[in-house]
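Working notes, structure below.
The values are calculated or read from the model by the stated rules, or taken from the named source; none is laboratory data. Note that the coordinates shown come from a computational prediction; the quantities given were computed from them, not determined experimentally. Cβ placement follows ideal geometry from the backbone for every residue including glycine, while neighbour counts extend to all protein chains displayed. Each accessible area value is taken on the protein alone, full model and side chains, heavy atoms only, with ligands, DNA and RNA left out. Shrake-Rupley method; radii C 1.70, N 1.55, O 1.52, S 1.80 Å.
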Amino acid sequence: MTVQEAKLYGKSNLSVSPTPVLDTDVLLQHITGLDKTHLLLERARKLLPEQETAFLAAIEKRKTGLPVAYITGHKEFFGLDFYVTPDVLIPKPDTELLVELALDALEDKFRANTEKIPTVCDMCTGSGCVGLSILKTLADKSKDSEENKFSTFNFQLSISLVDISEKALDVARINAKRLIPDFTPHFVHSNLFENIPNSFDLIVTNPPYVPHTESLELLKDGRSEPLLALDGDIDEYGEYDFTEDGLSLIRRLVPQCYGHLNRNGVLIMETGEYNAEETAELFKKAGFRNVKIEYDMNEMMRDVTGVK
Ligand SMILES: C[S@@+](CC[C@H](N)C(=O)[O-])C[C@H]1O[C@@H](n2cnc3c(N)ncnc32)[C@H](O)[C@@H]1O
């Protein structure tokens, strides 16, 4: 089978996918090690027998609905390459806003120029994509500044990555080692703040917020993402608590965040466009001030922010 034949095979066999051409390209890149340009230039190239076998197996998996990221084990987020398995939610482009808002909030804290090292918690960390993108961005900025004598950005940060899923934390540990080998975050296995005695200057979180019925509906396409990562209406044991607004966990989480923030500490939380306004009300009820809703690149309500 040539590269061109493989492309045609993928295109005609992936009617399950809204993006069959792109999916085939990404799978071929992963299997052959060729980049997009070389796949175009080398259309007549024959796949090695083991590459052809791997390609056909990958197409079969994709036909079941399994996302390309779980087949290749990679997903790009905030310009970084994250390792992913079906134990973690695949990082979504909408969530990059959470990282941007967190970096802005931290810049304000660095500018405030206190002696204290800022403390950050990424609650519901999954693959670690939010907390580790924050950390990697600051570490790179600090490295650039060492090489630029006019800049004095010197970054120090204490960061905790928290999840109820041990398997998700294992994935986050691998990502931390790959992306920022010189820095070890704290990995905490905890049901929300149950095992966390300390307080933070910044809490970022992308909790499960999809309503129960919608979560079950989404999973019917074979995407294999963990229900615990999507469904905002089940408890820590996976039991449905008969709410249908996706806010059951967030109702518990918001007051706990308030209790675990230092004075002037900031909470930034991703929500659904359909429950952002109710989430903002929960922030106010818990005592947060300056509560704001931030819009994502599709102009959807996406994040709620508040200050203690
Ligand atoms: C929507 S995913 C977010 C993952 C990642 N932060 C991201 O943005 O892609 C939610 C995560 O929350 C975790 N989670 C669910 N319930 C939790 C709880 N009670 N305490 C801590 N983590 C929880 C899930 O295991 C999952 O990894």
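Selection of the range 218-250 for residues being without any contact (Cβ under 8 Å) to a residue 40 or more places away in the chain, assigned to a helix (DSSP H, G or I) and either over 21 Å from the mean Cα position of the chain (by Cα) or within 11 Å of the ligand (Cβ to nearest atom) (or both) yields LEU227, SER248. The helices (runs of 4 or more DSSP H) found wholly in the range 1-56 and carrying at least 3 residues that are outside the structural domain of GLY222 (by TED's automatic domain parsing) and closer than 28 Å to LEU218 by Cβ occupy 3-13, 20-32. Based on this model, can you work out whether ASP104 counts as of a type in the set (Asp, Glu), modelled with pLDDT of 90 or more, within 13 Å of the ligand (Cβ to nearest atom) and in the same structural domain as LEU192 (by TED's automatic domain parsing)? Here the answer is no, as ASP104 does not meet what is asked. How many residues, within the range 58-82, are open to solvent by 50 Å² or more (accessible area, probe 1.4 Å) and of a type in the set (A, V, I, L, M, F, W, C)? The qualifying residues number 1.
Quick grid of which residues meet (1) in contact with a strand residue (DSSP E or B) (Cβ under 8 Å, 6 or more places away or on another chain); (2) surrounded by fewer than 15 Cβ atoms within 10 Å (Cβ to Cβ):
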{"residue": "GLY232", "(1), (2)": "yes, no"}
{"residue": "CYS257", "(1), (2)": "yes, no"}
{"residue": "ASN275", "(1), (2)": "no, no"}
{"residue": "LYS284", "(1), (2)": "yes, yes"}
{"residue": "ARG302", "(1), (2)": "yes, no"}
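For the range 20-44, taking the residues that are among the β-branched types (Val, Ile, Thr) and either touching a His at 6+ places or on another chain (Cβ under 7 Å) or at pLDDT 95 or above (or both), the one that is least open to solvent (accessible area, probe 1.4 Å) is identified as THR24. Checking the stated criteria, LEU98 turns out to be among the aliphatic types (A, V, I, L, M), under 24 Å from MET297 (Cα atoms) and either within 28 Å of the chain's Cα centre (by Cα) or assigned to a helix (DSSP H, G or I) (or both).
Scanning the range 83-101 for residues that are near the ligand (Cβ under 8 Å from one of its atoms), of a type in the set (A, V, I, L, M) and open to solvent by less than 30 Å² (accessible area, probe 1.4 Å) gives VAL88, ILE90, LEU98.
The one condition from (1) touching a strand residue (DSSP E or B) at 6+ places or on another chain (Cβ under 7 Å); (2) in contact (Cβ under 8 Å) with a residue 24 or more places away in the chain; (3) open to solvent by 30 Å² or more (accessible area, probe 1.4 Å) that ASN175 does not meet is (3). Of the residues making up the range 107-125, none is within 16 Å of the ligand (Cβ to nearest atom), open to solvent by 20 Å² or more (accessible area, probe 1.4 Å) and of a type in the set (A, V, I, L, M). Can you tell me which residues in the range 259-289 are within 20 Å of LYS116 (Cβ to Cβ) and in contact with a Leu (Cβ under 9 Å, 6 or more places away or on another chain)? Residues satisfying the conditions are LEU261, GLY265, VAL266, LEU267, ILE268. Applying the criterion of being of a type in the set (D, E, K, R) and farther than 20 Å from ILE134 by Cβ to the residues of the range 155-171, the residue that is most open to solvent (accessible area, probe 1.4 Å) is LYS167.
Of the residues making up the range 259-273, those that are open to solvent by less than 30 Å² (accessible area, probe 1.4 Å), out of contact with any Gly (no Cβ under 7 Å at 6 or more places or on another chain) and within 15 Å of the ligand (Cβ to nearest atom) are ILE268, MET269, GLU270, THR271.
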